[in-house]
Amino acid sequence: MDFSGSHILSIDQFNRSDIEKLFSVADSLEPYSSKIKVTRVLEGAILGSMFFEPSTRTRISFGASFNLLGGNVREITEVGSSSLAKGESLIDTAKVLSGYSDIIVMRHPDEGSVQKFAEASRVPVVNGGDGANEHPSQALLDLYTIEKELSQNKKSIDGLRIALVGDLKYGRAVHSLCKILSLYSDITIKLISPEALKLPVKLAEQLTKANIEVIETENLEEGISEVDIIYVTRIQEERFKDKKDAIKYKGLMTLNQSIYTANCEPNTVIMHPLPRDSRNDANELDSDLYENPNLAIFRQADNGVVVRMALFALVLGVENQINKFSKPVNWKINRDL
Ligand code: NCD
């Protein structure tokens, strides 16, 4: 695909060589994410950041990535603070905001809404999550993390065995991840969820068509054996018509160190798009896993910065000029803890 000027709405837009290109730009940005250097390559550019659903990592890391490239960020963080609350349509909002921004990132509770917005926008739009549909930048950073973690164990994405755990029905992060994994060979996906929260049939069919071996189970212990990665997800209670229905699935799939030790191969990597629900009734990843060196959730969140910087650089066509506008940073923070 030609990244320059494109909307990034779905993983369906990507092929393997696009992903390789993105990851190689992301690798080259490591000195910037680790604050050894800063660049002003996007000086004067404005990111319109519009999040109409709660967000911590996605919103802040998109904003930080844009700042690290030298650009500025203008934000809307709730419908109530925008003119959507006065009845303005998404289309009018897109027409107006694309006059003020050079690129827009948008998250919205309705499936397909970001695409509709993009069609009316005069600048590229990146999908930061549209309802239960897709979350492409999350899948890209997840795959980047998978590649990095596997390479420590001398493995590659082709041949990956992964367990997807939790709310596979409403989880947009797993929906986009399944799509991206369909581009690779010899993949086994174990789908571990309660019957009512199974992966949508259309997506499961897409996996089978892509020659992925799909194994479905409701049993966590059985599902997490013989995999390279366990990818845990949160019950997406905000997508349930009746919140009480969500409560009955909480805590059914808690992973802790003793379950891990009893069932997993050595060095099985634990991932989660976060936020993990750490309340007592859910406790998706027990705090006793903090000591487990294979708990990759914070490395995964950190990787969001270089991957999102790479997306911005490619879409705005500056990927070859980043170093030309760079200089060493003036400050030092020790992030080792
Ligand atoms: C995910 C999301 O919003 O879809 N979070 C994220 O962006 N890292 C997952 C979730 O909210 O459970």
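The values are calculated or read from the model by the stated rules, or taken from the named source; none is laboratory data. Only a predicted model underlies this, so the values are computations on that prediction, with no experimental measurement involved. FYI the Cβ positions are ideal-geometry reconstructions off the backbone, even for glycines, and counts take in every protein chain you see. Ligands, DNA and RNA are stripped out before the accessible areas are found, and what is left, the full protein with its side chains, is counted by its heavy atoms. Shrake-Rupley method; radii C 1.70, N 1.55, O 1.52, S 1.80 Å.
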### Message
Suppose we filter the range 53-91 for residues that are away from the ligand (no atom under 16 Å from the Cβ), free of Cβ contacts under 8 Å to residues at least 12 places away in the same chain and open to solvent by 70 Å² or more (accessible area, probe 1.4 Å); how many remain?
### Response
3
### Task
For the range 2-30, enumerate the residues that are touching a residue at least 40 places away in the same chain (Cβ under 8 Å), part of a helix (DSSP H, G or I) and open to solvent by less than 60 Å² (accessible area, probe 1.4 Å).
11, 19, 22, 23, 25, 26
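So that you can scan it fast, the table gives a plain yes or no per residue for (1) at pLDDT 95 or above; (2) not polar (S, T, N, Q):
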| residue | (1), (2) |
| --- | --- |
| 19 | yes, yes |
| 25 | yes, yes |
| 37 | no, yes |
| 49 | yes, no |
| 56 | no, no |
| 69 | yes, yes |
| 72 | yes, no |
| 79 | no, yes |
## Note on the structure
Subset of the range 254-285, residues surrounded by fewer than 17 Cβ atoms within 10 Å (Cβ to Cβ) and under 25 Å from residue 153 (Cα atoms), comes to 256, 257, 258, 259, 261, 262, 265, 266, 267
### Query
Yes or no: residue 234 modelled with pLDDT of 95 or more and not assigned by TED's automatic domain parsing to the domain that holds residue 177?
no
### Message
Residues that are in contact with a strand residue (DSSP E or B) (Cβ under 6 Å, 6 or more places away or on another chain): list the helices (runs of 4 or more DSSP H) wholly contained in the range 154-260 that include at least 1 such residues.
### Response
172-181, 201-209, 220-223
### Message
For the range 150-191, give me the residue count where each residue is open to solvent by 10 Å² or more (accessible area, probe 1.4 Å), within 15 Å of the chain's Cα centre (by Cα) and away from the ligand (no atom under 14 Å from the Cβ).
### Response
1
### Task
Check off (1) over 23 Å from residue 23 (Cβ atoms); (2) out of contact with any Ser or Thr (no Cβ under 6 Å at 6 or more places or on another chain); (3) within 11 Å of the ligand (Cβ to nearest atom) for residue 137 and give me the number that stays unchecked.
(1)
### Selection within the range 217-263 - of a type in the set (A, V, I, L, M) and within 15 Å of the ligand (Cβ to nearest atom)
232, 235, 246, 253
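Within the range 95-112, does at least one residue satisfy the condition of being acidic (Asp, Glu) and within 13 Å of the ligand (Cβ to nearest atom)?
Looking only at the range 95-112, we keep the residues that are acidic (Asp, Glu), and these are 102, 110-111.
Subsequent filtering for residues that are within 13 Å of the ligand (Cβ to nearest atom) retains 111.
Yes, the range 95-112 has at least one match.
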### Query
What do you reckon, is residue 147 open to solvent by 70 Å² or more (accessible area, probe 1.4 Å), in contact (Cβ under 8 Å) with a residue 24 or more places away in the chain and within 16 Å of the ligand (Cβ to nearest atom)?
no
### Query
Scanning for something under 19 Å from residue 151 (Cα atoms), away from the ligand (no atom under 16 Å from the Cβ) and under 18 Å from the mean Cα position of the chain (by Cα), does the range 300-307 turn up at least one residue?
no
### Query
Quick check: is even one residue across the range 237-248 more than 27 Å from residue 11 (Cβ to Cβ) and surrounded by 12 or more Cβ atoms within 10 Å (Cβ to Cβ)?
yes
